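Following: one structure in structure tokens, then a few remarks.
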Amino acid sequence: MTRLTIRRYPDPALKAAAEPVTDFGPELATLADDLYETMKAAPGVGITAPHCGILKRLTVIDLPELGGRQDYVNPEILWFSNDVMTHTEGSVSMPGMTEEVTRPKAVRVRYQTLDGAVVEEDLEGFAAICMQHEVDQLDGIFWVQKLSRLKRERLLKKWEKTAR
């Protein structure tokens with residue numbers, strides 16, 4: 001496994017929508033392994049290929065409630081619950097910065113495995129929050145865009161000071 005370079009906010013790759021994966025060959029599995037290695041070193045619980053400047057719809061999430069590492073190729077959220085929850089979020093592309101974000105408490109996601117099989121899965125709680133966060137990133141929506149203008153401006157000023 002190779003540790004990849006994580007792009008730092010406001011890198012343009014973090015604002016670009018990722019392209020669907022169409023090649024399910026061995027390179028995809030290698031990329032997923034590299035993303036996992038990179039995420040663990042960051043440290044983080046989720047990472048997308050765009051976090052490393054690769055505009056492909058691939059995310060890796062590692063949570064106990066998911067049974068450990070899960071690879072999601074071309075994930076899309078099919079359904080959001082009306083119930084919401086607030087959770088502290090951050091990003092491997094903005095280390096040390098966190099803020100509370102409110103999102104739907106449950107989702108249904110459709111994705112492909114590394115070999116191309118299509119799967120639908122219901123996620124709740126922190127796993128649902130993580131999936132929404134990573135799918136947003138694949139769509140070019142960086143998590144700070146989910147904050148109120150005041151919270152976002154405050155966080156970005158703090159980031160500018162620490163990123164120097």
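The values are calculated or read from the model by the stated rules, or taken from the named source; none is laboratory data. All of these numbers come straight from a predicted model, not from anything done at the bench. So basically every Cβ, Gly included, is an ideal-geometry build from the backbone, and we count neighbours across all protein chains shown. Areas reflect the complete protein model, heavy atoms only, side chains present, ligands, DNA and RNA absent. Shrake-Rupley method; radii C 1.70, N 1.55, O 1.52, S 1.80 Å.
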The stretch 111-138, residues that are of a type in the set (A, V, I, L, M) and either assigned to a strand (DSSP E or B) or under 17 Å from LEU55 (Cα atoms) (or both):
LEU114, VAL118, VAL119, LEU123, VAL135, LEU138
For the stretch 3-34, how many residues are in contact with a strand residue (DSSP E or B) (Cβ under 9 Å, 6 or more places away or on another chain) and within 13 Å of GLU134 (Cα to Cα)?
1
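Residue-by-condition table, conditions (1) more than 16 Å from VAL144 (Cβ to Cβ); (2) open to solvent by less than 20 Å² (accessible area, probe 1.4 Å); (3) of a type outside the set (Val, Ile, Thr):
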site	(1), (2), (3)
PRO12	no, no, yes
MET39	yes, yes, yes
LEU58	yes, yes, yes
ARG108	yes, no, yes
Would you mention how many residues in the stretch 41-52 are in a loop (DSSP other than H, G, I, E, B) and open to solvent by 30 Å² or more (accessible area, probe 1.4 Å)?
3
I need the full set of residues from the stretch 12-40 which are in contact with a helix residue (DSSP H, G or I) (Cβ under 9 Å, 6 or more places away or on another chain) and part of a loop (DSSP other than H, G, I, E, B), in order please.
ALA16, ALA17, ALA18, VAL21
Is there a residue being surrounded by 14 or more Cβ atoms within 10 Å (Cβ to Cβ), in contact with a strand residue (DSSP E or B) (Cβ under 7 Å, 6 or more places away or on another chain), more than 22 Å from ARG3 (Cβ to Cβ) and in contact (Cβ under 8 Å) with a residue 12 or more places away in the chain anywhere in the stretch 148-163?
yes
Considering each residue of the stretch 113-147, count those that are in contact (Cβ under 8 Å) with a residue 24 or more places away in the chain, open to solvent by 50 Å² or more (accessible area, probe 1.4 Å) and hydrophobic (A, V, I, L, M, F, W, C), and give that number.
1
Within the stretch 69-79, take every residue that is touching a helix residue (DSSP H, G or I) at 6+ places or on another chain (Cβ under 8 Å) and among the hydrophobic types (A, V, I, L, M, F, W, C) and give me the one that is surrounded by the most Cβ atoms within 10 Å (Cβ to Cβ).
VAL73
For the condition in contact with a strand residue (DSSP E or B) (Cβ under 6 Å, 6 or more places away or on another chain) and modelled with pLDDT of 95 or more, what is the one hit in GLY116, GLY90, GLY67?
GLY90
With respect to GLU89, determine if the residue is closer than 27 Å to LYS158 by Cβ, free of Cβ contacts under 8 Å to residues at least 60 places away in the same chain, open to solvent by less than 40 Å² (accessible area, probe 1.4 Å) and of a type outside the set (Gly, Ala, Ser).
yes
